[in-house]
1. Checking D312 against (1) free of Cβ contacts under 8 Å to residues at least 60 places away in the same chain; (2) under 16 Å from L206 (Cα atoms), which single condition isn't satisfied?
2. Of (1) farther than 19 Å from F249 by Cα; (2) buried (at least 18 other Cβ atoms within 10 Å of the Cβ), N150 satisfies all except one. Which?
3. Please go through segment 336-376 and give me each residue that is in a loop (DSSP other than H, G, I, E, B), over 11 Å from the mean Cα position of the chain (by Cα) and hydroxyl-bearing (S, T, Y), ordered by number.
4. Taking segment 261-275 as the search range and keeping residues that are modelled with pLDDT under 65 and touching a Cys at 6+ places or on another chain (Cβ under 8 Å), which one is surrounded by the most Cβ atoms within 10 Å (Cβ to Cβ)?
5. Taking the condition part of a helix (DSSP H, G or I), crowded, with 20+ Cβ neighbours inside 10 Å and touching a strand residue (DSSP E or B) at 6+ places or on another chain (Cβ under 9 Å), does L64 pass?
6. Do any helices (runs of 4 or more DSSP H) entirely within segment 81-182 hold 3 or more residues that are farther than 20 Å from Y23 by Cβ and without any contact (Cβ under 8 Å) to a residue 60 or more places away in the chain, and if so, which?
7. Pull out all pairs, ordered by first then second residue, where Cβ-Cβ is under 8 Å, the residues are six or more apart or on different chains, the first lies in segment 13-38 and is open to solvent by 30 Å² or more (accessible area, probe 1.4 Å), and the second is assigned to a helix (DSSP H, G or I) and among the polar types (S, T, N, Q).
8. When you go through (1) within 22 Å of the chain's Cα centre (by Cα); (2) more than 29 Å from D316 (Cβ to Cβ); (3) open to solvent by less than 10 Å² (accessible area, probe 1.4 Å); (4) touching a residue at least 60 places away in the same chain (Cβ under 8 Å) one by one for G197, which number turns out not to apply?
Amino acid sequence: MGNRCADVIVIGGGIIGNAAAYYLAKRGCSVIVLEKSDHLGDGGSSRNGGGVRQSGRDKRELPLAMYGIKNLWPTLSEELETDVEYCQDGNLRLGKTEEHMKILSGLAENAQSCGLDVRMISGEEVREICPYLSDEVIGASWCPTDGHANPMLTTLAFYKKARELGARFITGEEVTAVRKIRGKARQVITKENVYEGENIILAAGLESREIVGTVGVDIPMQPALLECLVTEAEPEMFGQMLGTAEADFYGHQTKHGSFVFGGSSNFEGFNKDNGTPVNSSITASCICRGIMKYFPSLSDAKIVRTWAGWMDLCADKVPVISKVEEVPGLILACGFSGHGFGIAPAVGEQLSEMVVDGSTALDLTALRYDRFQAKI
């Protein structure tokens, strides 16, 4: 099985798996990436709002976001030789009620305690930055170093550079189990083949829970439906990434003029024939009505595409990025809860350090897999 052996087997061909493959290959490791779908980035990596933000994050994952935005994102297009459409024009998290402002103030104080440049601003200051916002917005948190990028382009850029460095990508290869040999995670079992590696990185989103369960470990994740929509191209209006206090709406204007907006309608539909998550005229219109309260000038913009996808919502809404002590050789990178894109380059780099150096430059203790276990 020589052609199915590598230093590292990565399960999952989304942006986390592809970034890990790139940084591992860059450090001289042989890598095989296994993807269930026939297409790389077919899950959340190509179905998200593209936010590259530090503001509004849990303090436990904030170091990853801050490190990536300072050290990786500014030069990522040059490094990967692909324009990932990274734009660093700041992030406005909008509030329309006093309760919203309390939520935003709490998030801002948490971030400030970690050294992030973020502050609360008034409605008037909000409209100085983005004059298209409605008078219903009474304030916001403002982080000038946040931004956005193109999720699909970034995912595929990591893939292409990893391949150039020798990483192998195998699509249509559904993983069913991880197998231990002499107490160590060693083999990855698919429906058709067996792969073997010194290290196994599990970055398969929601499906990671079932796979890691085959070696007796559980990560509490559940599906949550997120929806996105894209408008036709509009004249250039603003470059900021936008969000809200309750995270019910987010989005930005892309490089070519269309708007990418995400949100939740609270109508979680699915195709009863095959379980594929879908949105509809009901759900999309719900999201549009919410957006128009913030942006009345977009009320006539035409929607050209919509999509929906399952998010791997972790129990505490923070990812698991960790070695597994009782299963040596297994590394988890899952449960990103809908905000993994912006930290993906930093996560990929730290995963490569786990494999090659045995430790990481950033302290990821708070993201360990066993934080959900009962403390005795």
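The values are calculated or read from the model by the stated rules, or taken from the named source; none is laboratory data. No experiment lies behind these values; they were computed from the predicted model shown. Ideal geometry is used to build each Cβ from the backbone, glycine not excepted, and the neighbour counts take in all protein chains shown. Accessible surface is based on the protein model in full, side chains and every heavy atom, while ligands, DNA and RNA are left aside. Shrake-Rupley method; radii C 1.70, N 1.55, O 1.52, S 1.80 Å.
1. (1)
2. Of the numbered conditions (1) farther than 19 Å from F249 by Cα; (2) buried (at least 18 other Cβ atoms within 10 Å of the Cβ), the odd one out for N150 is (1).
3. The answer is S359, T360.
4. Step one: list which residues in segment 261-275 are modelled with pLDDT under 65, which gives 265-275.
Filter once more, so that each one left must be touching a Cys at 6+ places or on another chain (Cβ under 8 Å): 265-267.
Values: S265: 21, N266: 9, F267: 14.
Applying the filter and picking the extreme gives S265.
5. yes
6. Ranges flagged: 98-113, 123-129.
7. Correct list of pairs: K26/S352; R27/S352.
8. (1)
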